[in-house]
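These notes are about the structure you will find just below.
Every number in this text was worked out from the coordinates using simple rules, so none of it is lab data. Because the structure is a prediction, the values reported are computed rather than measured. When we count neighbours, we look across all protein chains shown, and the Cβ atoms used for this are built from the backbone with ideal geometry, even at glycine.
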Amino acid sequence: MTPLLRLPRVLRHAEPPARRETYRAFLATVVAVEDLTPRMRRVTLRAPQLADYRRVRADDFFALLIPGDGGIEIPGDEITAETPRGVAELIPEAQRPTLRWYTIRAHRPSSAEIDVDIVLHGSGLASGPGSTWATHARPGDAVGIAEGNGVYNPVPDAERQLFFADITALPALISILESADPAPGRPRPGTGSIAHIEVPSEEDVTEIATDVDVRWHVRGTERTGFSVPRILDGVDVDGISYAWLCAEADMVKRARRLVSGPGGVSKSAITFSGYWRHGQARS
Ligand SMILES: Cc1cc2nc3c(=O)[nH]c(=O)nc-3n(C[C@H](O)[C@H](O)[C@H](O)COP(=O)(O)OP(=O)(O)OC[C@H]3O[C@@H](n4cnc5c(N)ncnc54)[C@H](O)[C@@H]3O)c2cc1C
């Protein structure tokens, strides 16, 4: 049986962050839809379980359980298991939704809501179930949520931190940079920290409330990943003690090679994840 809930493969990070002891999957309702930019749609989801959702990290992700033609059902409205895979196995195959990973951009326990910022990346073959679902999402729609974790995990005493994101990792990066305590018990990005963000167009550039030096790389007609060679321009990599690299898989691979090169950041102090991969579904 294909596991429905496989945690996204975070290829490696400094050390495993705190994880949940149990994972819940439950039903949620779309309560609002807002276009932040022509390419980024914010969907607000509400579910009773979101009132006591416990955030692990500022970049917590979850599995959006996208209903099939017959809608979505979760036995007993909520299921719990010790692993996401275990949660999946409790959903009968006939009702099994399609899964895609997204970041919790904001969590409001008082109204039991989360905001999810979803990239609308095309139509037809260029789209996928996640992007298509967001394109058509309307208040009142039912969807499922399965809890995941977060990966931002700076090593102790990491003052200068380096971030690299594309538009899919922008919600996670903003959450980290704007959070007062992005990884409890670990340092916030300190003086000299830098964030590089590659986006398709000027319209995708957004205000971020942070002291971190944010450098936008607008792609325009350049190829995806054009900014990778620039992320160390003018940076004393020697002084960087932690790096968080999340974007398209090939971009991340190249960025990691660069950042961990001679005199660079120790591989054990780099968190990296391919958020999507050209030409492949990311389930
Ligand atoms: C931990 C984690 C957190 C994530 N958080 C977010 C988030 O908050 N917001 C967000 O939008 N995405 C996020 N992503 C990325 C998202 O899961 C992928 O983009 C996913 O592929 C989207 O699913 P889909 O069904 O739209 O496309 P898929 O069915 O997975 O892919 C279909 C086709 O679309 C292409 N494709 C997928 N994504 C893109 C893209 N962004 N641009 C161009 N082509 C694409 C694929 O290469 C493939 O050819 C996250 C991923 C991970 C692992």
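A DSSP coil position with no more than 13 other Cβ atoms inside 10 Å describes none of the chymotrypsin sites (Phe, Trp or Tyr not before Pro) in segment 94-185. Based on every Cα atom in the chain, Rg and the maximum pairwise Cα distance Dmax equal 18.4, 56 Å.
Spread over its residues, the convex hull of the C-alpha atoms of segment 10-146 is 131 Å³ per residue.
Placing R0 at 25 angstrom, the Cβ-Cβ distance between D238 and D211 gives a FRET efficiency of 0.70 after rounding to 0.05. Under the combined filter of DSSP loop state and at most 16 neighbouring Cβ atoms within 10 Å, segment 78-171 retains these GluC sites (Glu not before Pro): E82, E159.
Here the Karplus relation 6.51 cos²θ - 1.76 cosθ + 1.60, evaluated at θ = phi - 60°, turns the backbone of segment 273-278 into coupling constants of 8, x, 6, 7, 9, 3 Hz, with x for every Gly and Pro.
Overall, the chain carries a charge dipole of about 760 debye about its Cα centre when +1 sits on the Cβ of Lys and Arg and -1 on the Cβ of Asp and Glu, all other atoms neutral.
The residue list A32, A249, A172 was ranked by how far each Cα lies along the charge dipole of the chain toward its positive end, using unit charges on Cβ atoms, and A249 comes out on top. Charges were assigned to the Cβ only: +1 to each Lys and Arg, -1 to each Asp and Glu. The resulting dipole of segment 161-276 about its Cα centre is roughly 600 debye. Hey, with R₀ at 22 Å, roughly what FRET efficiency would E203 and T135 work out to, going by the Cβ-Cβ distance, to 0.05? Result of the calculation: an efficiency of 0.80.
For segment 10-146, the residue among I114, A47, V87 whose Cα projects farthest onto the positive side of the dipole built from Cβ charges is I114.
Sequence-ordered 3J(HN,Hα) estimates for segment 212-224 from the Karplus curve with 6.51, -1.76 and 1.60 and θ = phi - 60° stand at 5, 6, 9, 10, 8, 10, 8, 6, x, 8, 6, 7, 3 Hz, glycine and proline given as x.
Which percentage, to the nearest 5, of the DSSP beta bridges contained in the chain is antiparallel? Restricted to the chain, the bridges split so that about 65 percent are antiparallel. In segment 176-193, whose amide N lies under 19 Å from the spot 7 Å out along Cα-to-Cβ of S110? List them in ranges. Zone members listed by number: 179-181. Taking 0.36 nm per residue of separation and subtracting the current Cα-Cα distance, fully stretching the chain between A94 and R20 would add 23.9 nm.
Once both labels are positioned 7 Å from their Cα atoms along Cα-to-Cβ, the gap between T80 and R39 label points is 4.1 nm.
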